1. Which residue out of ASN350, ASN363 is more than 15 Å from the ligand (Cβ to nearest atom) and not small (Gly, Ala, Ser)?
2. Filter the stretch 326-347 down to the residues that are within 11 Å of the ligand (Cβ to nearest atom), among the small types (Gly, Ala, Ser) and touching a residue at least 60 places away in the same chain (Cβ under 8 Å), then identify the one that is farthest from SER242 (Cα to Cα).
3. Within 16 Å of the ligand (Cβ to nearest atom) and under 28 Å from ARG404 (Cα atoms), is that true of ALA262?
4. Considering only residues that are touching a residue at least 24 places away in the same chain (Cβ under 8 Å) and farther than 25 Å from ASN26 by Cβ, which ones fall in the stretch 45-82?
5. From the list ASP409, ASP389, which residue is without any contact (Cβ under 8 Å) to a residue 24 or more places away in the chain, within 14 Å of the ligand (Cβ to nearest atom), surrounded by fewer than 23 Cβ atoms within 10 Å (Cβ to Cβ) and not β-branched (Val, Ile, Thr)?
6. Check whether at least one residue in the stretch 337-356 is crowded, with 23+ Cβ neighbours inside 10 Å and under 30 Å from PHE156 (Cα atoms), and report yes or no.
7. What is the one condition in (1) at pLDDT below 95; (2) in a helix (DSSP H, G or I) that THR489 does not satisfy?
8. Could you run through the stretch 358-386 and say how many residues are among the aliphatic types (A, V, I, L, M) and free of Cβ contacts under 8 Å to residues at least 40 places away in the same chain?
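The values are calculated or read from the model by the stated rules, or taken from the named source; none is laboratory data. A quick note: this is a predicted structure, and the numbers were derived from the prediction, not measured. Cβ sites come from the backbone with ideal geometry, for glycine too, and all protein chains shown count toward neighbours.
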Amino acid sequence: MPHSYFDADNNGHKSFELPGAKPHYNPDRPGQVEHIYLDLNLDIPNQSYNGTCTISLKPIRSGINSLSLDAVNLNIESVQVDGTNQAFDYDRSKLDIRLEPATEVGKVIKIAIAYSVEKPQRGLYFIAPDKHYPNKPTQVWTQGEDEDSRFWFPCFDYPGQLATSEIKVKVPKPFIAISNGRLIDTQADGNYKTYHWLQEQVHPTYLMTLAVGDFAEIQDEWQGKPVTYYVEKGREEDARRSMGKTPRMIEFFSDKYGYLYAFPKYAQVCVDDFIFGGMENTSTTLLTDRCLLDERAALDNRNTESLVAHELAHQWFGDLVVIKHWSHAWIKEGMASYSEVMWTQQEYGNEEAAYYRLLEARNYLAEDSSRYRRPIVTHVYREAIELYDRHLYEKGSCVYHMIRTELGDELFWNAIHTFVQDNAHKTVETVDLLRAIEKTTGRNLLFLFDQYVYRGGYPDFQVAYSWDADSKLAKVTVTQTQAKAGSSTDLFDLKIPIAFGYAQEGGESQFKTFAVRLYEREQSFYFPLEEKPQFVSFDAGNNYLKTVALEYALPELQAQLQYDPDPISRIYAAAALAKKGGLEAIKALARALKSDRFWGVRVEASKNLADIKLDQAFDSLVVGLEDDNALVRRSVVEALAQIKTKDSYKAIKSLLKNGDASYYVEASAARALGAIASVNLEDESKEEKAIKLLNSVLEERAGWNEVVRSGAIAGLSQLKTSAAALDLVLQYTKSGVPQALRLAAIRALGTISSGQTPVNLERILERLEQLANETFFLTQVSVVVALGQMETIKAIGILSALASQTPDGRVRRMAEEAVQQVQAKSGSQQATKQLREELDLLKAANQELKSRLETLEAKSSTKG
Ligand SMILES: [Zn+2]
């Protein structure tokens, strides 16, 4: 495998394009596909099916005498055109049909392909119980995006072709079959029942779907249209709890997008072993059954609600307005991700929405710094599925928010209405969005797209502030630190508002706001003000995608953390305070953790407290374990895990023993317990006690999605030198262990490997090599994650084998990236390991000294 590609310098970022990447274009069109009709018989016990796929094609010109369809690993039995057998070639990937006679322009032909499939590997999935998992339900479901529909029926498989579709399928009773559009007929026939679904609005092949199972059907409605939730029987209540807001969301999105929900029904089917979180098939979304919440999970799980909103948003962005080519997928994924923000704002308010947006931005920023940098729009890749990354989703969402900021709310929604109305039931490219904006508002936002869509990156702003009391001038210096001095290539050119804040006793802060154009590496601005401001809000509203480092004096940061009404500004101030360190910073952060009105700021304050390496941070943090909000408690637990002292161990242990209302808090506590015990080496028995406690969690706290027990596994994986912990983790990688727990155990093998003896390392590698042979997508992902964390070049062999064998493009890419990680680590590892250990000892000694010094200073200052 060639590796040099990864080292190619891309402004210090790894290249998105892997070896073999090339430009991708839509194929030439022989004509317009008007209708696709699948007539299928499922043989569920034998995991096979047969049937006919009939494609109606309106030729674009006369004289076409051959057609080339996508069809992978199907058994093609015959091809007829308008009832006449036709010769064809099939290489198990492309079906080439000779047309005799040749086409006549505009005269529709019907191509009927009889075919069968046994044990399909992709496209259509048979789920069934086996000896390890006897309670697994029997189901059939499909997954088309991006280019997998060709694995379950022959088609022109690219999103530029839109057609109506129809699926007739015979299934054994008591199974029911759900598909796109409306049910036009059912017929019982002995032990079988035939379901006939018709999708009368055009859509692309990747959105055609079929789901079969013995489901419970829960009926809801929106404006007289059926809204249906299908789940495994017995989970009806979880279904309502998890999806029950759907009708209100349909109402909300219909209003926001300026287009009433377009399809005759909306179904959500929760299926077993799904390989995505959700898939927005037209009018029939499939969701992983893991999103179904029980009462306790609903306490602090918002992911399900966001997932439901995301997939529903696609019914407009993706299904009604279809992307013409994968390179423009951000149009739909960005909006679906932004719709999560919009729904959060609608349901939970502005602060929650702002924080949601910050978390999305951070996801993208992490990918940019750790994986690669790319333009959002690119057609150079190996497989289209590689594009489905944090650039596409989260950065796309941030771009939509910046468009909204540039236009203002009213014009933004008008432009969105125009875009949806003009392009309903059609395909779009990125330029169509720009055109809709210009048509509606007159604004040309190409400058924004050039900076954030058509090229990679974002600005890193460093902001310094000072006040000149004599001349009453505020001086603000902004540096774009992402750009090298003297170079203009990475600079951004944006108009950014700077607001000077005046806190009012018992009221809202007042602001004096100025917009400045930032386009050079370093710019200084002087603002005449009547009074000295208490704080400075850079990029007021925090609407632009960026990073910020605030270089303000302590009082300004304290005031901002306390008084800035924008939670994101408070969060930036908290981060800057933590960077300063010291007891005053701890005090300010402790106050925020205790009393900020918004839980997101309390979460961030707890993280920042742990970053200040002073013993005094502990006392401020530990009170956060009493916070009413489970998300804050979880964050406090994670923060305490970084303060590896007897006190933090005690606090975590008692929380884990006594339990918490939230699964996630308990899981974090279990993980933290292992992390703290792992460094308390002066007390050997501590490790033993920690393993005992974690083992009791494993034995006693089975439950929803195995969240708590997976936390215990993560805790064990922190005990990297313990053979006993490894033995336990290995046990949970066995077949028959509940899947979510087993996947956690597989991943944990990577974490725990770094401190193990050579003999144990061999055991881990051997186990992962066995597991790499399992074909299930999520198992393969876990194996790759584990191997990628290992520090031995022996992991590379297994990863390379997996990369070359897996049928999944996502796994292949992850495995290749993991090879790079392992190479980087295994080389420098030995040398740095010893240094790191020595450094840790020094740090601990230094922290104690610093803490004592801070206390002394505090004492002397109160006296003085
Ligand atoms: Zn999506």
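1. So the residue among ASN350, ASN363 that is more than 15 Å from the ligand (Cβ to nearest atom) and not small (Gly, Ala, Ser) is ASN350.
2. ALA329
3. No; evaluated as a whole, the condition is false for this residue.
4. ASN46, GLN47, SER48, TYR49, ASN50, GLY51, THR52, ASN75, GLU77, SER78, GLN80, ASP82
5. Of ASP409, ASP389, the one residue that is without any contact (Cβ under 8 Å) to a residue 24 or more places away in the chain, within 14 Å of the ligand (Cβ to nearest atom), surrounded by fewer than 23 Cβ atoms within 10 Å (Cβ to Cβ) and not β-branched (Val, Ile, Thr) is ASP389.
6. For the stretch 337-356, residues crowded, with 23+ Cβ neighbours inside 10 Å and under 30 Å from PHE156 (Cα atoms): present.
7. That leaves (2) as the condition not met.
8. Here the count works out to 2.
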